[in-house]
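Reading through the structure tokens given below for one structure.
The values are calculated or read from the model by the stated rules, or taken from the named source; none is laboratory data. None of these values were measured; they are calculated from a predicted model. Here the Cβ positions follow ideal geometry from the backbone for every residue, glycine too, while neighbour counts run over all protein chains shown. Remember, those area values only see protein heavy atoms, side chains included, never the ligands or the DNA or RNA. Shrake-Rupley method; radii C 1.70, N 1.55, O 1.52, S 1.80 Å.
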Amino acid sequence: MEGVLAQTLASGLLIGFVYALVAVGLTMIFGVMDIVNFAHGEYLMISMYFSYWFFILFGMDPLYSLPAITLIMFGIGIITYYIAIRPIINAPMLSQIFVTFGLLIFLRGVAQFLWKVDYRMIPETLASGNINLAGIYIGRPQLVAAVGAILCYGVILWFLKNTKTGMALEAVAEDKEAARLMGINSNRMFALSWGIGIATVGIAGVLLSTFFYVFPEVGGAFCLIAFVVVALGGFGSVVGAFLAGIIVGLVEVVSGYLIDPSFKFMFVLALYLAVVFIRPQGLMGK
Amino acid sequence: MLNVEKIQLKYGNIPVIHDVTFRVEKGEIVALVGGNGNGKSSILRGVAGLLTPSLGTVSFEGRDITKTQAFDIVSLGISLVPEGRRLFPSLSVYKNLRLGAYLTDDGKEIEKRMDYVYSIFPTLKERKDQRASTLSGGEQQMVAIGRGLMSQPKLLLLDEPSWGIAPKLVDKIFEVIREIRNNGVTILLVEQDVQEALEACDRAYVIQTGRVVMEGTGRDVLNSELIQKAFLGL
Ligand SMILES: Nc1ncnc2c1ncn2[C@@H]1O[C@H](COP(=O)(O)OP(=O)(O)O)[C@@H](O)[C@H]1O
Ligand SMILES: [Mg+2]
């Protein structure tokens, strides 16, 4: 009984790190430019397909194709910004919602057209298998994904806090006009936030592809969770997203264990509602 | 050094500055004075590139900058310390200053400029790791001016440097403004504290409802009937 609970907690913690990584990009794009990317989950889906096809076509293990896919996703983020987002920067919020929601429908449609609605799985990866940690069985892919997510998160936080460009991103997030007065080209910072935001969700996608089915709608559930994580952590807060990701992972798994797995989303959403009522700005929000 | 010719500035379709002409010579302190809502800040925003004039021209050191973007104007040597200070509130004093020198990567040069800012505002050195939002109004104004100096401007634009700070600090801020000028930086400032500004400046322009209604030396403008009646209530 105790062992099962410990195992449950461990798996909640591990998936929580991945949720945090999915959410970091979403919160970063929102923080820097006040735009909600409803298509965030679709980019997760795209990178999972990249990971799948790199494996099927070139026999490349996800852990090997990860760097290349990260770069590709970074480029896709930048291209998305210049093509779809830049024209609507000053548009009313409703237009912005239509555009990123339109992107969601479009990308999902393309995936359905190209790859049908089949569920695909990478059969065996370098990360496959289980390990036994002090009596707790943990899936190696989940452990690898969690460690990867923590590393990636650490790099982003270091970048934001210690480099000039990271400072400039934070400056643009805090006051766009004042940032321009410093000589910061905010347009480039917007593009960069899309590059980083989409690259990080891309990394999450590759890590997830080692133990999760790949299908055109896979982004939906993760995107919903990412929204809860972002709201719980505080819109725009990178640190908040990390803490909230862990909390959501734990709540989901523990409520599934104590009550019923089919209700686990209900508890995650209940947690979200509680946050909205008690602390609308989220854990680390302003 | 700065020549503003017959500019019109609009927010949307509404013009707020009409046909304004003025100049700033190298080494001067020039003040734009006038009551709230008369368009002083808009003029500075026009010079700094945050607003693009719909008519007229702005030129700096002989170069037309009317349509130049704000982030490019900084590199030409113009720096605006905006109304309300507009610090990056959750970043430290150090990072606010560092961002002021965004266009520079030379570590030694940045350190030199930072030392200069600390020499005029010693309290900032003690508070360099504090978040900007935790400082008092006067200290925040020091960070704002210091941040504006970090790009090593030739022309510093100051929008209401006395706004929201303790009265006894106002004199100190104006003293520093004169010191900065004596170190070779030309200054264009905007003030509602008409008396302080006119005493500190070489020349002044009185702005009313988006037009220049009077110009002259600081002393002449201060002694004019218009200023005595309208602003100082004498
Ligand atoms: N962002 C803005 N949008 C629309 N109107 C503005 C804006 N900022 C200022 N104004 C208007 O422009 C006029 C001049 O304002 P401003 O330049 O701030 O004057 P001052 O600095 O002399 O107080 C005012 O009538 C003000 O209402
Ligand atoms: Mg003003």
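Residue check: B:VAL93 meets all listed conditions (1) touching a strand residue (DSSP E or B) at 6+ places or on another chain (Cβ under 9 Å); (2) away from ligand 2 (no atom under 16 Å from the Cβ); (3) open to solvent by 30 Å² or more (accessible area, probe 1.4 Å) but one, namely (3). For segment B:138-163, the set of residues classified as open to solvent by 20 Å² or more (accessible area, probe 1.4 Å) and either charged (D, E, K, R) or farther than 25 Å from B:VAL206 by Cβ (or both) consists of B:GLU139, B:GLN140, B:SER151, B:GLN152, B:LYS154, listed by residue number. How about segment B:100-112: which of its residues are more than 7 Å from chain A (Cβ to nearest Cβ) and either at positive phi or buried (at least 20 other Cβ atoms within 10 Å of the Cβ) (or both)? Once the filter is applied, which keeps residues that are more than 7 Å from chain A (Cβ to nearest Cβ) and either at positive phi or buried (at least 20 other Cβ atoms within 10 Å of the Cβ) (or both), segment B:100-112 yields only B:ALA101.
Report yes if some residue within segment B:128-137 is among the basic types (Lys, Arg), away from chain A (no Cβ under 14 Å) and loosely packed, with under 14 Cβ neighbours inside 10 Å; otherwise report no. No, every residue in segment B:128-137 fails to be among the basic types (Lys, Arg), away from chain A (no Cβ under 14 Å) and loosely packed, with under 14 Cβ neighbours inside 10 Å. Residues in segment B:50-99 that are within 24 Å of B:ARG113 (Cα to Cα), within 16 Å of ligand 1 (Cβ to nearest atom) and either more than 11 Å from chain A (Cβ to nearest Cβ) or part of a loop (DSSP other than H, G, I, E, B) (or both): B:PRO82, B:GLU83, B:GLY84, B:ARG85, B:ARG86. Here B:TYR116 clears all of (1) within 14 Å of another protein chain (Cβ to nearest Cβ); (2) surrounded by 15 or more Cβ atoms within 10 Å (Cβ to Cβ); (3) not β-branched (Val, Ile, Thr) except the condition numbered (1). The test for being of a type in the set (Val, Ile, Thr) and within 17 Å of B:ASN3 (Cβ to Cβ) holds for B:VAL47. Of all residue pairs spaced 6 or more apart or on separate chains, those with beta-carbon atoms under 6 Å, a first member in segment B:141-168 that is modelled with pLDDT of 95 or more and a second member that is among the hydroxyl-bearing types (Ser, Thr, Tyr) are B:GLY148/B:SER79; B:SER151/B:SER79; B:PRO153/B:SER79; B:LEU155/B:THR186; B:LEU156/B:SER79; B:ASP159/B:SER41.
Set side by side, the residues A:ILE136, A:ILE69, A:ILE156 differ, and just one is modelled with pLDDT under 95 and in contact with a Gly (Cβ under 9 Å, 6 or more places away or on another chain), which is A:ILE136.
When the criteria are applied in full, B:ILE65 meets the requirement of being open to solvent by less than 10 Å² (accessible area, probe 1.4 Å), closer than 23 Å to A:ALA178 by Cα and away from ligand 2 (no atom under 16 Å from the Cβ). Flag set for A:ILE85, criterion: touching a residue at least 60 places away in the same chain (Cβ under 8 Å) and open to solvent by less than 20 Å² (accessible area, probe 1.4 Å).
Taking segment B:28-49 as the range and being part of a loop (DSSP other than H, G, I, E, B) and either more than 16 Å from ligand 2 (Cβ to nearest atom) or touching a residue at least 12 places away in the same chain (Cβ under 8 Å) (or both) as the test, the residues that pass are B:GLU28, B:GLY34, B:GLY35, B:ASN36, B:ASN38, B:GLY39, B:GLY49. The set of residues in segment B:7-20 that are more than 16 Å from ligand 2 (Cβ to nearest atom) and exposed (fewer than 15 other Cβ atoms within 10 Å of the Cβ) comprises B:GLY12, B:ASN13, B:ILE14, B:ASP19.
List every residue pair whose Cβ atoms lie under 6 Å apart, where the two residues are 6 or more positions apart in sequence or sit on different chains, the first residue falls within segment B:13-27 and is at negative phi, and the second residue, located anywhere, is exposed (fewer than 14 other Cβ atoms within 10 Å of the Cβ) and at pLDDT 95 or above. Correct list of pairs: B:THR21/B:LYS6. Considering only residues that are free of Cβ contacts under 8 Å to residues at least 24 places away in the same chain and open to solvent by 50 Å² or more (accessible area, probe 1.4 Å), which ones fall in segment A:88-101? Residues satisfying the conditions are A:ASN90, A:PRO92, A:MET93, A:LEU94, A:PHE98. Number of residues in segment A:224-245 that are under 13 Å from the mean Cα position of the chain (by Cα) and open to solvent by 10 Å² or more (accessible area, probe 1.4 Å) equals 4. Please work out if A:ALA231 is of a type outside the set (Lys, Arg), touching a Leu at 6+ places or on another chain (Cβ under 9 Å), away from chain B (no Cβ under 14 Å) and in a helix (DSSP H, G or I). Judged against the criteria, A:ALA231 is not a match.
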